[in-house]
1. Search region 35-59 for residues that are farther than 13 Å from Ala16 by Cα and pair each with any residue that is acidic (Asp, Glu) when their beta-carbon atoms are under 6 Å apart and the residues are at least 6 apart or on different chains.
2. Tell me which residues, restricted to region 35-56, are outside any helix (DSSP H, G or I), at pLDDT 85 or above and surrounded by fewer than 12 Cβ atoms within 10 Å (Cβ to Cβ).
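The values are calculated or read from the model by the stated rules, or taken from the named source; none is laboratory data. Note that this is a predicted model, so its numbers are computed, not measured. Virtual Cβ from ideal backbone geometry, glycine too; neighbours counted across all protein chains shown.
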Amino acid sequence: MSGVRLRGREEIFFGAEFSASAGSSGAMVEETMKLTADDVQGVIIAGSGHLVAEQAPEQLLAALTQFLAPYRDASSGVAAVGARS
């Protein structure tokens, strides 16, 4: 994959135990993704650890809904904010 960059939005979800603070495993994953993608954002999900979907499903659903909203809006004919062509 040398020289290939991801052009879309990328979001990484971390449990609070693996938060994106400096030196944590979450921060390392986020920084590694930034080497291959243009728009990366890490999200810390409070009240969870390794099993985010199991331990904090409502918070994960809210974060995913927010992340995917521009794509949902674009498919319904509404201009997506921040969407890339």
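1. From residues that are farther than 13 Å from Ala16 by Cα, the pairs are Ala37/Glu10; Val40/Glu10; Gln41/Glu11.
2. Result: Leu35, Leu51.
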